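The values are calculated or read from the model by the stated rules, or taken from the named source; none is laboratory data. The structure displayed is predicted, hence computed values, not measured ones. All Cβ positions, glycine included, derive from the backbone under ideal geometry; neighbour counts span all protein chains shown. Side chains included, ligands, DNA and RNA excluded: accessible areas come from the protein's heavy atoms. Shrake-Rupley method; radii C 1.70, N 1.55, O 1.52, S 1.80 Å.
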Amino acid sequence: MEEEGAADLRQRKKQNCTETDKMAPDQRNKENPNLGRSPKYVLFQRFAKLFFGCVATVTSGMMYAVYLSTYHERKFWFSSRQELEREITLPGDSAIYYSFYKELLKAPSFERGVYELTHNNKTVSLKTINTVQQMTLYPELIASVLYQASGSEEVIEPVYFYMGIVFGLQGIYVAALFITSWVMSGTWLAGMLTVAWFIINRTDTTRIDYSISLRENWALPYFACQVAALTGYLKNNINSSTESFCYLLVSASTYTFMMMWEYSHYLLFVQAVSLFLLDSFALVKTDKVHEVYKIYLFSLFLGYLLQFENPALLVSPLLSLVAALMLSKCLQMNMKKGTFISKMLKIMYFYLVFTITVILNFLLKTFIPHKENEHVSKFLEVKFGLNTTKNFSVNWLLCQESLQTPSQDFFLRLTQSSLLPFYMLVLIICLSSVTQVIFRRISGEPLKETITLDDGRIGERPEIAYHVIHTMLLGSFAMMLEGVKYLWTPYMCMLAAFGVCSPELWMTLFKWLRLRAVHPILLAFILSMAVPTIIGFSLWKEFFPRIMTELSELQEFYDPDTVELMTWIKRQAPVAAVFAGSPQLMGMIKLCTGWMVTSLPSYNDADLLRRNENIYQIYSKRSAEDIYKILTSYKATYLIVEDSICNEVGPVKGCRVKDLLDIANGHVVCDEGDSYVYSKYGRFCHEIKMNYSPYVNYFTRVYWNRSYFVYKINTVISFQS
């Protein structure tokens, strides 16, 4: 009987295998139509797809760079202006960066120029600063080396070379976004849609229009390259050579990004949190995540050494988190599996990582002296309601538009361009799929090594899960700080374009809907082509005429008062003069004239922040003697009063410079909910214009126009009325 039963079982297995073999080819052909074709045809098809995708990527990047250059020329009439007028178009924050680039080119040698910047005592009075570290001038160092090494002195002016590099990096930026969406969706049509949304929403994707030299304009292209490489690195079933290439690209771009922007480690911290959550829910291979952690550590320590032992990197939350993650993982690996302690560590993994991170960061900040980013922690405390302050610098930061909550106009613009609706659709589908995968992992179901289109499980792809977590974290911060939108909105463009162009996303949706009327795979392919095509045509019809109008319309930028001021300084002021005024104006004076100033538009140094607050007292209700003592303590010889600040009518009451100074100086009296400004002295910037004693005893007006009033600070004080 046992032999007959065994024979019967073997017969049934044989029949089942035969039926499976008969059905398998048809099923495989449905899932992969290339299986029935010759290898040469498949190879040619892949090559053609890769070739046209690369051409589209390069073309998109180049066209965006040319578009920015053309728009900048039309906006400022840049080529038809003199050098002084060109430099005035740079805002104060950008002006100071470009001024150091000019100094490098004027130096007798590159080595001498670097030495003068690292031991700079000709910019800020009574202060020798390492401007390379303080201002993160590595982009200017690279630009000056390229300009001189390429022999471009006789071919192109320095300003055009400088702007050309920045615009070229922006082209790389959109090309990296193009590649990321292409890698995720499998079609370069997603890359085209990403670039289209990026350009249309340029107001919310980049600050290149506002200021060319901002550190983020140099840094974010490298971060976009890092994200593109990380996307490829996290994918399953990639060959070893591709994985090695992606790993090297992640390493190089992470380190370069960290060197270009002083706040880069905060963004990398958010990325590290995303990878930590990805690893905690077992959505990716642990070895890959830990290799990325090693890249973070290497970049932090190498950056620390090459940034002249910058303590901000050692006390950064990124270092504490990565160290805590690797230490926690080491504890788990050393415990015997199945023991009570190992099970408890697995359950308390989140709590363990959080605790070790906080303790490490506290210890590092306790034993490592640092002052660079203290104002950031104070700002965050006040921003989230954990503290209150009258400090001028903190309140001034709170009043900046980029550090406030986003306005309704931001969401309205994204909705009008159709970006926000499709982003929300893609995010909801991907997040729901990732959530399903997490529950399967908790219940003990292993991840599938290969995901087919018919599975409808887009959330099981580790790179998709990573991007879902990362974009949600960035979106959460963008809801609190409007400036973060310049990091989040490009992500929205990439994720939305990937989703609508991905057959897997539509197939995931159809699996949930249990669609039976139409073949779901066929419909998914149709929608992945039809939806982006319809979106593209609608965007072309509505926004392409606007973009062409921008490029064809000649705008006018004319600031004669500032030109006259800079001309007067260059002609009349002595070489040893030291100017005092608002930090933004001081940055422009440093660029246009080269004269020494008392403050700079830099907000990552405690001493410079204190200087800025003290110099801003010229717009407060302080006595002439107090202002005189403040200015002479910094060896200032000339004072510039700006009428736009003195008579400022801000949209938000309490955020004007003079309002913040009144609060900091205790000149605001609150009575039954109303605020009153009280001081026995009038506002200095108003009183000094009256030319009466005691103001004329300390200050002598030497130049004025409609916007600026320049006063010489008297060395010999006369108290005659």
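Residue-wise test of (1) among the hydroxyl-bearing types (Ser, Thr, Tyr); (2) not in a loop (DSSP other than H, G, I, E, B).
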{"position": "THR471", "(1), (2)": "yes, yes"}
{"position": "VAL484", "(1), (2)": "no, yes"}
{"position": "CYS493", "(1), (2)": "no, yes"}
{"position": "ALA497", "(1), (2)": "no, yes"}
{"position": "THR508", "(1), (2)": "yes, yes"}
{"position": "LEU515", "(1), (2)": "no, no"}
{"position": "LEU523", "(1), (2)": "no, yes"}
{"position": "GLU542", "(1), (2)": "no, yes"}
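Residue check: is MET472 more than 23 Å from PHE439 (Cα to Cα) and open to solvent by 10 Å² or more (accessible area, probe 1.4 Å)? The answer is no for MET472.
Selection within the stretch 607-650: residues that are surrounded by fewer than 18 Cβ atoms within 10 Å (Cβ to Cβ) and under 20 Å from SER707 (Cα atoms). The member of this set that is modelled with the lowest pLDDT is GLY650. Just one of (1) modelled with pLDDT of 85 or more; (2) over 37 Å from the mean Cα position of the chain (by Cα); (3) of a type outside the set (S, T, N, Q) fails for ARG656. It is (2).
State all residues of the stretch 283-314 that are open to solvent by 60 Å² or more (accessible area, probe 1.4 Å) and either under 22 Å from ASN361 (Cα atoms) or assigned to a helix (DSSP H, G or I) (or both); if no residue qualifies, say none.
Initial filter on the stretch 283-314 (open to solvent by 60 Å² or more (accessible area, probe 1.4 Å)): 285, 287, 294, 298, 301, 305-306, 308-309.
Once the filter is applied, which keeps residues that are open to solvent by 60 Å² or more (accessible area, probe 1.4 Å) and either under 22 Å from ASN361 (Cα atoms) or assigned to a helix (DSSP H, G or I) (or both), the stretch 283-314 yields ASP287, LYS294, PHE298, PHE301, LEU305, LEU306, PHE308, GLU309.
All conditions in (1) buried (at least 21 other Cβ atoms within 10 Å of the Cβ); (2) under 24 Å from PHE78 (Cα atoms); (3) not hydrophobic (A, V, I, L, M, F, W, C) hold for THR203, with the sole exception of (1).
Contact annotation: residue pairs with Cβ atoms under 6 Å, 6 or more positions apart or on different chains, pairing a residue in the stretch 598-611 that is under 14 Å from THR128 (Cα atoms) and touching a residue at least 40 places away in the same chain (Cβ under 8 Å) with a partner that is of a type in the set (Lys, Arg) and open to solvent by less than 20 Å² (accessible area, probe 1.4 Å), are SER599/ARG611. Residues in the stretch 226-238: is at least one out of contact with any Cys (no Cβ under 8 Å at 6 or more places or on another chain), surrounded by 20 or more Cβ atoms within 10 Å (Cβ to Cβ) and under 30 Å from ILE96 (Cβ atoms)? Within the stretch 226-238, one or more residues are out of contact with any Cys (no Cβ under 8 Å at 6 or more places or on another chain), surrounded by 20 or more Cβ atoms within 10 Å (Cβ to Cβ) and under 30 Å from ILE96 (Cβ atoms).
When you check LEU267 against the structure, is it under 18 Å from the mean Cα position of the chain (by Cα) and part of a helix (DSSP H, G or I), yes or no? Spelling it out, LEU267 is indeed under 18 Å from the mean Cα position of the chain (by Cα) and part of a helix (DSSP H, G or I).
Within the stretch 408-451, the residues that satisfy the criterion of being open to solvent by 50 Å² or more (accessible area, probe 1.4 Å), of a type in the set (S, T, N, Q) and part of a loop (DSSP other than H, G, I, E, B) are SER443, THR450. Can you say whether THR206 is hydroxyl-bearing (Ser, Thr, Tyr) and at pLDDT 95 or above, as far as the supplied structure shows? Considered against the rule, which asks whether it is hydroxyl-bearing (Ser, Thr, Tyr) and at pLDDT 95 or above, THR206 comes out as no. Of all the residues in the stretch 277-297, those that are within 21 Å of the chain's Cα centre (by Cα) and among the hydrophobic types (A, V, I, L, M, F, W, C) number 3.
Among the residues of this structure, THR435 does not count as one that is hydroxyl-bearing (Ser, Thr, Tyr), in contact with a helix residue (DSSP H, G or I) (Cβ under 8 Å, 6 or more places away or on another chain) and at pLDDT below 90.
Considering only helices (runs of 4 or more DSSP H) fully contained in the stretch 98-198, which possess at least 1 residues that are open to solvent by 30 Å² or more (accessible area, probe 1.4 Å), of a type in the set (Val, Ile, Thr) and farther than 30 Å from ILE458 by Cβ? Steps first, answer last, please.
Details: elements: 110-118, 131-134, 138-149, 158-185.
Per the criteria, 110-118, 138-149, 158-185.
Kindly indicate whether any position in the stretch 488-510 is closer than 21 Å to VAL273 by Cβ, modelled with pLDDT of 85 or more, surrounded by 18 or more Cβ atoms within 10 Å (Cβ to Cβ) and of a type in the set (Gly, Ala, Ser). No, every residue in the stretch 488-510 fails to be closer than 21 Å to VAL273 by Cβ, modelled with pLDDT of 85 or more, surrounded by 18 or more Cβ atoms within 10 Å (Cβ to Cβ) and of a type in the set (Gly, Ala, Ser).
Restricting the first member to the stretch 123-142 and to residues that are touching a residue at least 60 places away in the same chain (Cβ under 8 Å) and farther than 12 Å from ASP607 by Cβ, and the second to residues that are hydroxyl-bearing (Ser, Thr, Tyr) and not in a loop (DSSP other than H, G, I, E, B), the beta-carbon pairs closer than 7 Å and six or more apart or on different chains are THR123/THR131; ASN130/THR118; VAL132/THR118; MET135/TYR97. Within the stretch 217-225, not a single residue is under 22 Å from the mean Cα position of the chain (by Cα), in a helix (DSSP H, G or I) and surrounded by fewer than 23 Cβ atoms within 10 Å (Cβ to Cβ).
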